[in-house]
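One structure below.
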Amino acid sequence: MWREEEDSLLEASAGLEKGSDVTEVATSLLFSDGIMITLNLMGTEIWKICDGRTVEEIIDSLLADFEVERAVLSQDVHSFLQDLEQKGFIFYG
């Protein structure tokens, strides 16, 4: 189960527009088997497109919406997906 936090999403979006660092703003919560984790804006966007796409398709989709270098984004996406798998939220690899 997961839910997106609208107020936090608005806060993160406003911060991005101002050029602020919003990596610590939790915009969604994931719940599974008694484990709860929070995701920041990028994590939430990755989570929303974990729908059978390949990792490269996820990266391509995110590059269309975020100003970040592909190499940096690729590393972040791979690390994030590995972390989600380790916590039992997805199967990756």
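The values are calculated or read from the model by the stated rules, or taken from the named source; none is laboratory data. Everything numeric in this text was worked out from a predicted model, so none of it was measured. Backbone-built Cβ (ideal geometry, glycine too); neighbour counts: all protein chains shown. Just the protein is used for accessible areas: all its heavy atoms, side chains included, with ligands, DNA and RNA removed. Shrake-Rupley method; radii C 1.70, N 1.55, O 1.52, S 1.80 Å.
Looking across segment 72-86 at every residue that is open to solvent by less than 80 Å² (accessible area, probe 1.4 Å), out of contact with any helix residue (DSSP H, G or I) (no Cβ under 8 Å at 6 or more places or on another chain) and modelled with pLDDT of 95 or more, the one that is nearest to residue 5 (Cα to Cα) is identified as 79.
Of the residues examined, residue 9 is not one that is of a type in the set (A, V, I, L, M, F, W, C) and at pLDDT 95 or above. Just so you know, in segment 46-79 the residues that are assigned to a helix (DSSP H, G or I) and acidic (Asp, Glu) include one that is farthest from residue 9 (Cα to Cα), and it is 56.
Going by the structure shown, is residue 67 buried (at least 16 other Cβ atoms within 10 Å of the Cβ), among the charged types (D, E, K, R), out of contact with any Ser or Thr (no Cβ under 6 Å at 6 or more places or on another chain) and under 26 Å from residue 7 (Cβ atoms)? Criteria not met by residue 67.
Look at segment 38-52: where a residue is farther than 24 Å from residue 19 by Cα and a partner is open to solvent by 20 Å² or more (accessible area, probe 1.4 Å) and among the hydrophobic types (A, V, I, L, M, F, W, C), sitting 6+ places away or on another chain with Cβ atoms under 8 Å, you get 50/90. Taking the criterion of being closer than 26 Å to residue 86 by Cα, in a helix (DSSP H, G or I) and open to solvent by 40 Å² or more (accessible area, probe 1.4 Å), the residues of segment 1-45 that qualify are 9, 42, 45.
Select from segment 46-59 the residues that are open to solvent by less than 80 Å² (accessible area, probe 1.4 Å) and at negative phi and write down the one among them that is farthest from the chain's Cα centre (by Cα).
54
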